[in-house]
Each structure stands twice: as structure tokens, then as C-alpha cells.
Amino acid sequence: MKYWYGSLLIAVIAITGYISCGNDREPTPTVRTADPAEVIGEDLMISLSKAKNFHHKARVYMSDGKPAEAIAAVREILSLKFPAGAPEAEDVRNDARASLAKLLVGQGNVEEAMKVVTEGIAQSQRESFFVANLYTVKGEIHEARAALLEPTDPNVKVEKRAAIEAYDKSNQINTVLQQRLMEER
Amino acid sequence: VNALKENPMATDDDDILTGPVPAPEVEATASERMRAKSFGELVDKTLTGRTPPAMSADDRALLEVATVIRAASGNVELAAAKRRSIVEDALRQAVGDVAAKTSGAAIPITRARKKWVPWAVAGASALVAAAAVLLLWLRGPERIYVQGGGDVAMPEHWKSRPTDPLIGPIAQERAGDASARIDAIYADRLDGYRERQLARGRKP
């Protein structure tokens with residue numbers, strides 16, 4: 001009788017040990033639950049939805065011949081609150097700045113447009129196609145500035161040189177990013 | 001007496017069962033009394049368990065009849081050894097000891113019961129349950145692992161991430177077309193959001 005109980009106890013311990021230790025080939029998983037800031041959450045979707053609606057609203061205003069209202073709508077995007085650390089936030093804001101700058105240039109408010117673009121470039125945490133787009137718009141603004149000057153004004157060359165530098169910077173960023181994406185794929 | 005009269009050569013050794021039957025009112029003879037007395041003693045010996053090893057066929061037949069008549073009266077008690085043997089046989093059959101049943105050997109009831117069987121079943125069940133609890137405790141609950149933090153990666157499209165791969169380089173003539181780009185970004189992130197919510201068993 002005692003032998004029978006002893007054998008049963010040994011068998012149970014052996015089975016338990018085998019199951020719990022049998023997967024030693026797999027590394028012990030690091031317990032790390034998903035960080036809410038890293039996943040697409042409801043807050044991010046709401047912010048993106050608002051940004052989308054403001055862009056559509058601006059487009060409607062522009063089609064209705066109301067550029068001032070369109071500019072105001074796009075400015076609303078810059079004040080939207082996104083989840084902390086969401087990369088989409090910087091991209092959406094930079095794109096809104098590019099669109100806003102284009103609208104401002106269209107209204108002849110070149111300096112304000114340059115300010116919007118410069119702030120966007122300065123606040124960017126990483127290089128992206130949207131930053132490259134800001135440099136493109138910055139080049140357009142420099143061209144607009146040059147066009148507003150007298151042809152004999154020496155600042156014309158300065159503005160045109162600045163425009164070329166902005167376009168080159170945009171191309172440089174695009175090239176690096178495209179190369180990086182190709183390598184990741 | 002009549003039979004003796006009819007057959008003067010008959011003796012007491014003749015078969016009384018096959019011989020002529022005397023009339024009821026006829027007085028018993030001395031030999032008949034002697035035979036009755038000796039048969040009574042034989043019956044007494046049989047009831048006390050001292051049956052003689054040898055007896056005549058007539059006496060054996062009469063003894064069987066007497067035993068049946070006594071048993072039918074309802075006052076028969078079995079010997080203690082016989083009673084114990086019958087009870088143990090019945091209990092052994094109830095326990096299911098086929099081997100013992102077929103052999104016919106009487107096994108003491110204390111051995112035939114197998115008291116350890118229910119304890120063994122209960123003990124084995126308790127050990128298995130303890131092993132299962134120990135196993136659950138060692139393995140821990142299932143968890144979702146984030147890419148870079150574990151070996152099971154969360155799908156990339158569930159995560160908040162830069163939109164460069166989705167948008168690509170922006171052409172100069174489309175520099176101000178942010179409306180179309182935000183549409184693409186929103187649709188892409190909505191797909192990931194919905195899929196993650198459905199995977200978690202919740203409605204988006």
C-alpha cells in the first residue's frame with residue numbers, strides 16, 4: 001500500500017515537472033503588457049477624425065470662396081490634442097501647417113506662411129515626408145517672396161537661393177526616407 | 001404381525017420399506033419397538049452432528065425423510081460454522097471477488113472488503129488536483145506581448161506609428177492636399193483599431 005502511494009506521488013511530480021519545464025527551448029517570455037500609448041486607441045481615432053473633418057470643412061469653405069474661414073478651420077487642427085507620443089500627431093500637424101501655409105500664401109500673407117512653416121520644422125522631432133513637404137512649401141514661400149520684390153532688388157537672389165536650398169533639403173529628406181523604407185521592406 | 005403371519009420366514013433384516021404395511025391399530029411388536037428406538041437414536045445423533053459413517057440404505061432413506069420433516073417445521077438452526085460460511089459467501093459475491101467465488105474457499109470478511117480502494121481513489125484524485133493547481137500557478141496567465149518586449153509581436157497595424165510608409169513622398173503639386181492624406185491616414189488607423197477591438201472581444 002505504501003509503495004502504491006509513493007509511486008503515484010512520484011508520477012504526479014514527474015508529470016508536473018515535465019510539463020512546466022519541458023519548454024526550456026523557448027526563452028522565458030518577458031511579461032510586458034501593451035502600453036496604451038503604443039496602440040491605436042480611441043483618443044487617437046477621435047483626434048484623427050477631428051483633423052479629417054477640419055480639412056473637409058476648409059475644403060468646403062474654399063470651394064465656397066471663403067478662404068479666411070478655410071484658414072481658420074485648418075488652424076483648428078494645430079490646436080487638437082493628440083495622445084502623448086503618438087507619431088501620427090506630428091505628421092498630421094505638419095501636413096496641416098503645409099496646407100495652412102499654402103492658403104496664407106494664396107491670400108498674400110507670405111510672412112505668416114513662413115512663420116507657420118518654420119515653426120513646424122523647428123518643432124518636428126524626426127524627419128518625415130511631411131517635414132520634407134514643409135521644406136517644399138518653404139521653397140515656394142521663398143519664391144513668392146522673390147516674386148514680390150523688385151527684379152533689381154538684391155534680396156531676390158537671396159530668396160531664390162533660399163528656395164533652392166529648401167527644395168534640396170526636401171529632396172534630401174525624401175531620398176533618405178525612401179532608402180530607409182526600401183531597406184525595411 | 002400380519003406380514004409375519006403371512007410369511008413366517010421373514011426376519012428383522014427384511015426391507016421394511018418394501019415389506020407389507022401393518023394395520024394402524026395393530027400393536028407394535030418388540031422388534032418394531034427395538035427398530036424404532038434404534039432409529040430414534042440415529043436421528044438424535046444426526047441432529048447433534050454425530051452421524052454414523054455407515055448405515056443401511058433403509059435407515060439413510062428414513063433419516064433423510066426425518067431431516068426434511070424437521071426442517072419443514074421451521075425450528076432448524078444451522079451450525080455456527082455453516083452460518084458463517086454462507087454469510088461470507090454472500091458478501092464475497094457482493095464485493096465481486098470472482099476468483100474467490102469460483103474457488104469456493106471461504107475468505108474472512110475483514111480481508112474481502114478491500115477497505116483501501118476508496119482511500120486510494122480519493123488520494124489519487126487529490127494528488128491530480130494539486131498537480132493541476134501547481135501547473136496553473138507555474139505557467140501563469142496568458143498575456144499579450146509587445147514587439148521588442150517579448151517573443152509574440154503585436155501586429156504592427158495595431159500600433160500608433162509614423163505615417164510615412166502609408167503616404168510616401170509628397171509631390172510638390174500636391175503639397176497642399178492634406179485633406180486627401182488625412183483621409184488615407186484615418187482609414188488606415190481605423191482598420192487597425194477595429195481589428196484590435198474585435199480581437200479583444202469588444203465592439204469597436
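The values are calculated or read from the model by the stated rules, or taken from the named source; none is laboratory data. All figures in this text were calculated on a predicted structure; none of them were measured in a lab. Ideal geometry is used to build each Cβ from the backbone, glycine not excepted, and the neighbour counts take in all protein chains shown. These area figures cover heavy atoms from the full protein model, side chains too; ligands, DNA and RNA do not enter into them. Shrake-Rupley method; radii C 1.70, N 1.55, O 1.52, S 1.80 Å.
Brief remarks on what is shown
- When residues of region B:24-52 are limited to those that are within 26 Å of B:V68 (Cβ to Cβ) and aliphatic (A, V, I, L, M), the one modelled with the lowest pLDDT: B:L47
Listed here are the residues, each with its yes/no results for (1) under 17 Å from the mean Cα position of the chain (by Cα); (2) of a type outside the set (F, W, Y); (3) open to solvent by less than 70 Å² (accessible area, probe 1.4 Å).
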{"position": "A:M62", "(1), (2), (3)": "no, yes, no"}
{"position": "A:L78", "(1), (2), (3)": "yes, yes, yes"}
{"position": "A:P87", "(1), (2), (3)": "yes, yes, yes"}
{"position": "A:E90", "(1), (2), (3)": "yes, yes, yes"}
{"position": "A:N94", "(1), (2), (3)": "yes, yes, yes"}
{"position": "A:S99", "(1), (2), (3)": "yes, yes, yes"}
{"position": "A:G108", "(1), (2), (3)": "no, yes, yes"}
{"position": "A:K115", "(1), (2), (3)": "no, yes, no"}
{"position": "A:T118", "(1), (2), (3)": "yes, yes, yes"}
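- Per the conditions (1) out of contact with any Asp or Glu (no Cβ under 9 Å at 6 or more places or on another chain); (2) at pLDDT below 95, the sole criterion not satisfied by A:L181 is (1).
- Scanning region B:184-192 for residues that are open to solvent by 70 Å² or more (accessible area, probe 1.4 Å) and out of contact with any strand residue (DSSP E or B) (no Cβ under 9 Å at 6 or more places or on another chain) turns up at least one hit.
- Looking across region B:167-177, the residues that are outside any loop (DSSP other than H, G, I, E, B) and in contact with a Lys or Arg (Cβ under 9 Å, 6 or more places away or on another chain) come down to B:I167, B:R174.
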